[in-house]
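*Asks:* For reference, the structure I am asking about is given below.
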Amino acid sequence: MQQAARAAAPPLAAARRALSRAGLRARCSAAVEGGAAAAEAGAEAPSGRRLRVLSGVQPTGSLHLGNYLGAIRNWVALQDTYDTYYCVVDLHALTAAHEPRELARATRSVAALYLAAGVDASRSTVFVQSRVPAHSELAWLLNCCTPVGWLNKMIQYKEKSRKLGDGECSVGLLDYPVLMAADILLYQADLVPVGEDQRQHLELTRDIAGRFNTLYGGRAWKGMGKGPAPSGRARGGRVLKPPEALIPPQGARVMSLDDGTSKMSKSNPDEGSRLNLLDSADTIANKVKRCKTDALPGLSFDDPERPEAANLLTIYQLCSGLSREAVEAQCCSLRWSEFKPLLAEAVVEHLRPLQARYAELTSDPTYLDGVLAEGAARANETARATLGDVRDALGMMP
Ligand code: TYM
């Protein structure tokens, strides 16, 4: 009976519990099935292994509060319950123009920020994507079963390629979501904690997994040989696990400081549009002082005409750790000039321990390189098993 409940239960209930223990509530992209069974489910797959979580950030530009509140902060809370894999996706950083002399430094810096934010290398596998060659190989294999029409529909691709124009838009940019699918599917990840802007990429990942399984899994795979598959499991059934997106209800879309209707982004040429994780206290105070506001009295979370107020109150809530009700009670009758110093102080204080730990970590590159070498070794081992099964299902020579 318990076995049946486990098989029916999605991993979402346990993820919600893990995040809510840390004061975060999660929303997942897929429908929650299973009802009571889901509530009973532990963070364990039917196979008996701990459920797996994977996510990553590109080493491009400075990481900002959106990357942190939408993704990295939530990763930390998942480490207690899940088998967590966090990678720095340097291959993705090559899909747009980049500065070669900066890439290795930026890659280490992002890894150091993961650790500084609370990712614990003894509980999570922290690694650099390009150190696991299976990512590129699986991306190629998945390319060959992904209709190009699926990629043409990706919103991020449409926006970025429109900005770049045909001459500058690389094949890599179009193919970016297939590489992202490979990152996730290689680890048979159950959950992928990301911000709202990655929802469509997660849906595509599920579609790619489904298509691969339909074409090459099940009976077709069973017929590929006697004995176990390269991973050690029996052939047949699905080769790749379709993952669920884990998107927090607050912080999943942190907006720009200069426009409450557009997303805070690394690529905005206006530095003043974002709060970077490594900004000094003075810079944070100045950016907050200059950020866009409106002329209405008081502050409100809910007024659709006041996107800046909703965004800045949400940032304040998440950085101060107060409940929404407490923030409303404290701030709703304040003037902007009274609220802004409070906001700046909450952000500075929230980031202070992260920045101190970052300074320690980057003063000892040997430690960080050791963490990444160990992470790559573990990630390679897990990835090799899935890649072996994929090659096997495709009928490639062992
Ligand atoms: P990237 O590097 O653009 O962003 C990293 C994470 O930050 C989230 N994010 C935000 N969240 C809230 N508000 C914002 N303004 C904001 N901006 C960014 C993103 O949703 C993301 O979770 N494609 C991914 C990287 C990637 C990946 C993966 C993620 C590659 N392979 C596998 C998960 C699993 C990206 O470009 O993220």
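The values are calculated or read from the model by the stated rules, or taken from the named source; none is laboratory data. This structure is a prediction, so every number in the text was calculated from the model and none was measured. Every residue, glycine as well, gets a Cβ built from its backbone with ideal geometry; the counts of neighbours run over all protein chains shown.
*Asks:* Give T283, T205, T214 a once-over and let me know the one that is in the same structural domain as L354 (by TED's automatic domain parsing) and among the polar types (S, T, N, Q).
*Replies:* T283
*Asks:* Can you tell me which residue is nearest to the ligand (Cβ to nearest atom) among those in segment 57-73 that are under 14 Å from E99 (Cβ atoms) and small (G, A, S)? Can you show your working first?
*Replies:* As a first pass, look at segment 57-73 and keep what is under 14 Å from E99 (Cβ atoms): 58-62.
Checking the rest, the ones that are also small (G, A, S) come to 61-62.
Values: G61: 9, S62: 11 Å.
So the residue we want is G61.
*Asks:* Let me ask you something else. Within the group L387, L368, L354, L372, which residue is crowded, with 18+ Cβ neighbours inside 10 Å and in contact with an Asp or Glu (Cβ under 7 Å, 6 or more places away or on another chain)?
*Replies:* Every option except L387 fails the conditions.
*Asks:* crowded, with 21+ Cβ neighbours inside 10 Å and among the hydrophobic types (A, V, I, L, M, F, W, C) - does that describe any residue in segment 230-238?
*Replies:* Scanning segment 230-238, I find no residue that is crowded, with 21+ Cβ neighbours inside 10 Å and among the hydrophobic types (A, V, I, L, M, F, W, C), so the answer is no.
*Asks:* If you check K241 against the conditions, is it more than 12 Å from the ligand (Cβ to nearest atom) and within 22 Å of the chain's Cα centre (by Cα)?
*Replies:* yes
*Asks:* If you don't mind, another one. Could you tell me whether any residue of segment 176-184 is under 19 Å from A385 (Cβ atoms), of a type in the set (D, E, K, R) and within 13 Å of the ligand (Cβ to nearest atom)? Write out each step before concluding.
*Replies:* Here is the first cut: in segment 176-184, the ones under 19 Å from A385 (Cβ atoms) are 181-184.
If we keep only those that are of a type in the set (D, E, K, R) as well, we get 183.
Within this subset, residues satisfying the condition of being within 13 Å of the ligand (Cβ to nearest atom) are 183.
Yes; the residues of segment 176-184 include at least one that is under 19 Å from A385 (Cβ atoms), of a type in the set (D, E, K, R) and within 13 Å of the ligand (Cβ to nearest atom).
*Asks:* Would you confirm whether or not segment 321-331 contains a residue that is at pLDDT 95 or above and under 15 Å from C291 (Cα atoms)?
*Replies:* No, segment 321-331 contains no residue that is at pLDDT 95 or above and under 15 Å from C291 (Cα atoms).
*Asks:* Quickly run through segment 200-229 and pick out the residues that are of a type outside the set (K, R), in contact (Cβ under 8 Å) with a residue 60 or more places away in the chain and not in a loop (DSSP other than H, G, I, E, B).
*Replies:* Once the filter is applied, which keeps residues that are of a type outside the set (K, R), in contact (Cβ under 8 Å) with a residue 60 or more places away in the chain and not in a loop (DSSP other than H, G, I, E, B), segment 200-229 yields L202, E203, I208, F212, L215, Y216, A220, W221.
*Asks:* Out of all the residues in segment 192-238, which are away from the ligand (no atom under 12 Å from the Cβ) and closer than 21 Å to Y82 by Cβ?
*Replies:* R206, A209, S231, R233, R238 - these are the residues of segment 192-238 that are away from the ligand (no atom under 12 Å from the Cβ) and closer than 21 Å to Y82 by Cβ.
*Asks:* So, Y187, is that one assigned by TED's automatic domain parsing to the domain that holds Q156 and under 22 Å from A77 (Cβ atoms) or not?
*Replies:* yes
*Asks:* Based on what the data block shows, is C87 buried (at least 21 other Cβ atoms within 10 Å of the Cβ) and touching a residue at least 60 places away in the same chain (Cβ under 8 Å)?
*Replies:* In short, yes.
*Asks:* Could you tell me which residue of segment 67-84 is nearest to V254 (Cα to Cα), considering only residues that are crowded, with 24+ Cβ neighbours inside 10 Å, of a type in the set (S, T, Y) and more than 11 Å from the chain's Cα centre (by Cα)?
*Replies:* T84
*Asks:* Touching a helix residue (DSSP H, G or I) at 6+ places or on another chain (Cβ under 7 Å), assigned to a strand (DSSP E or B), at pLDDT 95 or above and within 15 Å of the ligand (Cβ to nearest atom): which single residue out of L246, L257 fits that description?
*Replies:* Details: L257 fails: assigned to a strand (DSSP E or B).
Only one candidate qualifies: L246.
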